[in-house]
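Working notes, beginning with the structure itself.
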Amino acid sequence: MLGEKVEKPNKSLFDIDYIGVKASQFSFSRLSKADPVLGVDMASTGEVGCLGDDYYEAILKSMLAVGHRIPKKAVLISSGETRSKAELLESSKILLNMGFKIYTTIGTHNFLQENGINSTVVYWPDIKQSPNAYDLIKNGEVDLVINIPKNLKSEEINNDYSIRRAAVDFNVPLITNARLASAFIYAISTYASKDLEVKSWREY
């Protein structure tokens with residue numbers, strides 16, 4: 001376009017040197033009683049773009065940059081519809097192999113059991129029995145909550161909302177998308193915090 005001579009690249013478009021991932025930051029903690037689940041009309045209050053040598057390094061850097069933390073002990077999973085349950089199956093195996101305790105709501109528990117994965121079933125927040133999902137979050141017994149919205153039944157809506165809201169109110173990282181949850185779990189199984197390289201912009 002400028003009349004300059006341009007050399008043809010000598011590699012494939014898919015032969016890339018690094019990956020960039022942009023993660024959104026939301027302010028649900030500042031919005032009292034708001035349901036922290038995303039729809040097409042949601043607008044983030046900020047974003048962070050991070051670069052890594054591969055996809056999992058980049059996504060872990062970006063998730064940490066917007067406030068997520070690498071879990072240390074236990075994860076609570078309420079995986080929603082069957083498609084999301086299947087999406088999280090391999091990720092649940094990874095968590096178990098990494099030594100995490102997995103807490104699950106009844107539908108997720110049954111699905112994992114059928115596929116040879118052990119978990120501890122927890123009761124919905126509106127059932128006053130122990131172990132209760134709300135109490136686990138409130139008492140700091142889990143350090144990651146994965147809650148995938150399932151359907152529009154009032155019981156599902158109310159209980160899922162209570163779990164998501166508890167995660168926000170008690171400062172426990174929350175993921176509400178199965179593909180993102182799976183990618184995050186793969187990332188923490190591949191990289192520890194000390195493995196994440198900090199490079200200058202020039203190095204990319």
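The values are calculated or read from the model by the stated rules, or taken from the named source; none is laboratory data. Here the structure is a predicted model, which is why all the values come from computation and not from measurement. Cβ placement follows ideal geometry from the backbone for every residue including glycine, while neighbour counts extend to all protein chains displayed. Only protein heavy atoms, including side chains, enter the accessible area calculation; ligands, DNA and RNA are left aside. Shrake-Rupley method; radii C 1.70, N 1.55, O 1.52, S 1.80 Å.
Of 101/150; 93/199; 73/194, which pairs sit farther than 26 Å apart, going by alpha carbon to alpha carbon?
With Cα atoms farther than 26 Å apart: 93/199.
Output ³J(HN,Hα) for the stretch 124-139: one whole-Hz value per residue in order, computed from phi by the Karplus curve 6.51 cos²θ - 1.76 cosθ + 1.60 with θ = phi - 60°, and x for Gly and Pro.
4, x, 7, 9, 7, 10, 10, x, 10, 4, 4, 5, 4, 5, 4, 8
For the chain, which longest stretch is free of loop sites, where a loop site is one of the trypsin sites (Lys or Arg not before Pro) that DSSP puts outside H, G, I, E and B and that has at most 15 other Cβ atoms within 10 Å?
Counting at most 15 other Cβ atoms within 10 Å as exposed, the longest clean stretch of the chain is 74-127.
Once Lys and Arg get +1 and Asp and Glu get -1 on their Cβ, which of 196, 182, 99 lies farthest toward the positive end of the dipole of the stretch 84-204?
Projecting each Cα onto the dipole axis, the largest value belongs to 196.
Using a 7 Å offset from the Cα along the Cα-to-Cβ direction at both residue 17 and residue 193, what is the distance between the two label points in nm, to one decimal?
Each label point is offset 7 Å from its Cα along the Cβ direction, giving 3.0 nm.
Would you mind working out the magnitude of the charge dipole of the chain relative to its Cα centre, with +1 at each Lys and Arg C-beta and -1 at each Asp and Glu C-beta, to the nearest 20 Debye?
For this selection, approximately 320 debye.
Could you give the size of the charge dipole of the stretch 132-196 about its Cα centre, using +1 on the Cβ of each K and R and -1 on the Cβ of each D and E, expressed in debye and rounded to the nearest 20?
200 debye
Counting pairwise Cα distances across the stretch 80-151, what percent come out greater than 17 angstrom?
Here the long-distance tail beyond 17 Å is 42 percent of all Cα pairs in the stretch 80-151.
How much area per residue is accessible in the chain when the probe is 1.4 Å and only protein heavy atoms are counted (Å²)?
Ligands and nucleic acids excluded, the figure is 61 Å² per residue.
Counting pairwise Cα distances across the chain, what percent come out greater than 26 angstrom?
For the chain, the fraction of Cα-Cα distances above 26 Å is 39 percent.
Determine the distance separating the Cα centre of the stretch 83-105 from the Cα centre of the stretch 137-204; give it in Å without decimals.
Centre-to-centre distance over Cα atoms comes out at 13 Å.
Nearest 5 is fine: what % of DSSP beta bridges in the chain come out antiparallel, could you say?
35 percent
Using only helices, what value at 222 nm comes out for the chain when you add -39,500 (n - 2.57) per DSSP H run of length 4 or more and divide by the total residues, to the nearest 500 deg cm²/dmol?
It lands at -10000 deg cm²/dmol.
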